[in-house]
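Beneath this line is the structure, given in C-alpha cells, with notes to follow.
Nothing in this text is a laboratory measurement; each read-out follows from the coordinates by a stated rule. These numbers come from a predicted model, not from an experiment. Ideal geometry is used to build each Cβ from the backbone, glycine not excepted, and the neighbour counts take in all protein chains shown.
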C-alpha cells in the first residue's frame, strides 16, 4: 500500500482498504492523468460531490496558479533581456531533455546501421513536417508508421 493509502485507510480511517484498492485500480485505467481520477474518486468516497470537487481543486489549483504567475511574469518581462535569456535557457534545457528521452526510448530498437538510417530519415521527416509545414501530429504518426512498416517489410523480403 502506498503512503497515501496508509494515510487514508489506516491513520485517518476515511476509506476502507477494499474501497481504496478499487479506486486506485480504476484510476490507473482511466484515460488522462490517473492522479486526478484517484483524487476525485477518493474525495467522492469521503465527502461525495463536494469531496470530489475539493480534492481535484486541491490537486490542480496550486500548479494552475503557478502557471498563471509564471506566464504573467514572462509576459511582463518580455522586453527585458534577462527574462528572455532565462526563457531561452529553459527552452534549450527542455529541448535537450526531450532529445535525451527520445534516445532512451529509441535505443533498444536500433541495432545495426539500417535501423539507424531508418530512424534518422523518419525522425527528420517528422521534424520537417511538423516544423516547416505545420502538419498535425496524427498524420505524421500515421505516415511514420506506414513508412516503417513498408521499410521493414522490404528488408524482410530480401
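Does residue 22 satisfy the criteria of being in contact (Cβ under 8 Å) with a residue 24 or more places away in the chain and in contact with a helix residue (DSSP H, G or I) (Cβ under 9 Å, 6 or more places away or on another chain)? For residue 22, the condition - in contact (Cβ under 8 Å) with a residue 24 or more places away in the chain and in contact with a helix residue (DSSP H, G or I) (Cβ under 9 Å, 6 or more places away or on another chain) - is not met.
A single member of 119, 33 is within 30 Å of residue 5 (Cβ to Cβ) and out of contact with any strand residue (DSSP E or B) (no Cβ under 6 Å at 6 or more places or on another chain), and it is 33. Scan segment 102-116 and tell me whether some residue there is in contact (Cβ under 8 Å) with a residue 24 or more places away in the chain and either within 29 Å of residue 152 (Cβ to Cβ) or in contact with a strand residue (DSSP E or B) (Cβ under 6 Å, 6 or more places away or on another chain) (or both). Yes, segment 102-116 contains at least one residue that is in contact (Cβ under 8 Å) with a residue 24 or more places away in the chain and either within 29 Å of residue 152 (Cβ to Cβ) or in contact with a strand residue (DSSP E or B) (Cβ under 6 Å, 6 or more places away or on another chain) (or both).
Within segment 55-85, if we keep just the residues that are surrounded by 15 or more Cβ atoms within 10 Å (Cβ to Cβ) and under 24 Å from residue 20 (Cα atoms), the residue that is nearest to the chain's Cα centre (by Cα) turns out to be 59.
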